[in-house]
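> My structure is below; once you've seen it, I'll send some questions.
What follows draws every value from the coordinates through simple rules; no lab data is involved. Here the structure is a predicted model, which means the values were calculated and not measured. Please note: Cβ atoms are built from the backbone with ideal geometry, for glycine as well, and neighbour counts cover all protein chains shown.
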């Protein structure tokens, strides 16, 4: 693990309580949180073919960010119902540098929320729970962590998708959070982002699979 | 509670490195925002509201609520707060004076209580705006307005607010000044903190 690749310049947390959106106020407001870490991009300004070592180096960064976001949201892990992740790469970098976040960002939140899979298997894309499990829930955070990424200038906004942690098709939990850091990323920086939420859209009412009806425990339904 | 709050948002911005240099301890700025209904929205022409007391009361309520949220997010004792600022963005069915009614008459006292003391003026900004409009909340040292290292600003913005009949109210509290201050002037260590200026 090459920790020299990791230089964190700035960390921004954002937590919001949504009481209503001009409909009936929620008994418990929806709480959504985002954390954005501004890191130096060690590959800025040139083409580097071997970038995968940074994926490992980002692992502890992701775990720290997930824990820090949970703490800022001030709710127990059991209340986190949806998640997402994203990256904004500064102008001297390439989109592929943002893709380094897929494994460590996703793994970090799954680790936090109770998924106890094997990290190496996850890195190889084999981390999800086996499909067609019996009706009993085999674990938590079974669903893929949705993501977006872009190359952008300082203050660029990224719409980071959110979906249910256990079943990607839960319609009430399809959502997104706009995340941006004023002043970042500079050309040689990357902003890595995690988002989590305590539930469905505040006035969710367009049908589809409900969280209460998840039955297959395969990360989808 | 007078304020009809649709959303409440708290952000913390922590800078560990600036211009390649370590900032130790990191500088930290906390921003708390409330998206509220504007009780005087649409009061134009014959319906013009002379009296804005409802917003003045809302300002008093939000000064304490948002100030406390900032201090809590920083995880500091109230007395450890160093600088502050406030701002409001009024949706298009409101007027600039509505922001003034929230910010100026009564928001300051409970905010000062939240940061323990606060002899200095709370610097402010206001504007009319639409969804996602950004406002730069000015910052100054809470006990001595001339402390040069603490002149700063923090950008505040809510992607889906203000709607036409809403107001975004923002308060910022910090536990630090700029990351690498080096342009002289009055230092925080030199202040008396009595007249709010020096």
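> Give me A:175, A:188 ranked fewest to most by other Cβ atoms within 10 Å of their Cβ, as a rough exposure proxy.
Least to most surrounded, the residues fall as A:188, A:175.
> So what is the 222 nm mean residue ellipticity for chain B from helices alone, if each DSSP H run of at least 4 adds -39500 (n - 2.57) and you divide by all residues, rounding to the nearest 500 deg cm²/dmol?
Taken over chain B, the calculation gives -6000 deg cm²/dmol.
> Expressed as an acute angle from 0 to 90° and rounded to the nearest 10, what is the orientation of the C-alpha long axis of helix A:102-112 relative to the principal long axis of chain A?
Between helix and principal axis, roughly 50 degrees.
> Taking Cα atoms, how many degrees apart are the long axis of helix B:53-74 and the longest axis of chain B, rounded to 10 and kept between 0 and 90?
The helix B:53-74 is inclined about 30 degrees to chain B.
> Helix-derived [θ] at 222 nm for chain A: sum -39500 (n - 2.57) over DSSP H runs of at least 4, divide by residue count, nearest 500?
That comes out to -5000 deg cm²/dmol.
> For the range A:3-213, what number results from the quotient of the Cα radius of gyration and 2.2 N^0.38 Å?
Ratio of Rg to 2.2 N^0.38 Å for the range A:3-213: 1.02.
> Moving on. With r defined as the distance between the Cβ atoms of residue B:18 and residue A:203 and R0 fixed at 30 Å, what FRET efficiency is calculated, to the nearest 0.05?
With R0 = 30 Å, the Cβ-Cβ based efficiency is 0.10.
> In the range A:80-102, whose amide N lies under 17 Å from the spot 7 Å out along Cα-to-Cβ of residue A:47? List them in ranges.
A:92-98
> Tell me, B:174, A:148 in order of fewest to most beta-carbon neighbours within 10 Å?
By the 10 Å Cβ count, ascending, the order reads A:148, B:174.
> How high is the relative contact order of the range A:3-213? Use alpha-carbon pairs under 8 Å, at least six apart in sequence, and give a whole percent.
29 percent
> I'd like the distance between the alpha-carbon centres of the range A:36-97 and the range B:10-79, rounded to an integer number of Å.
A separation of 28 Å, based on Cα centres.
> Quick one: B:137, B:115, fewest Cβ neighbours within 10 Å first, how do they rank?
Final ranking by Cβ density, sparse to dense: B:137, B:115.
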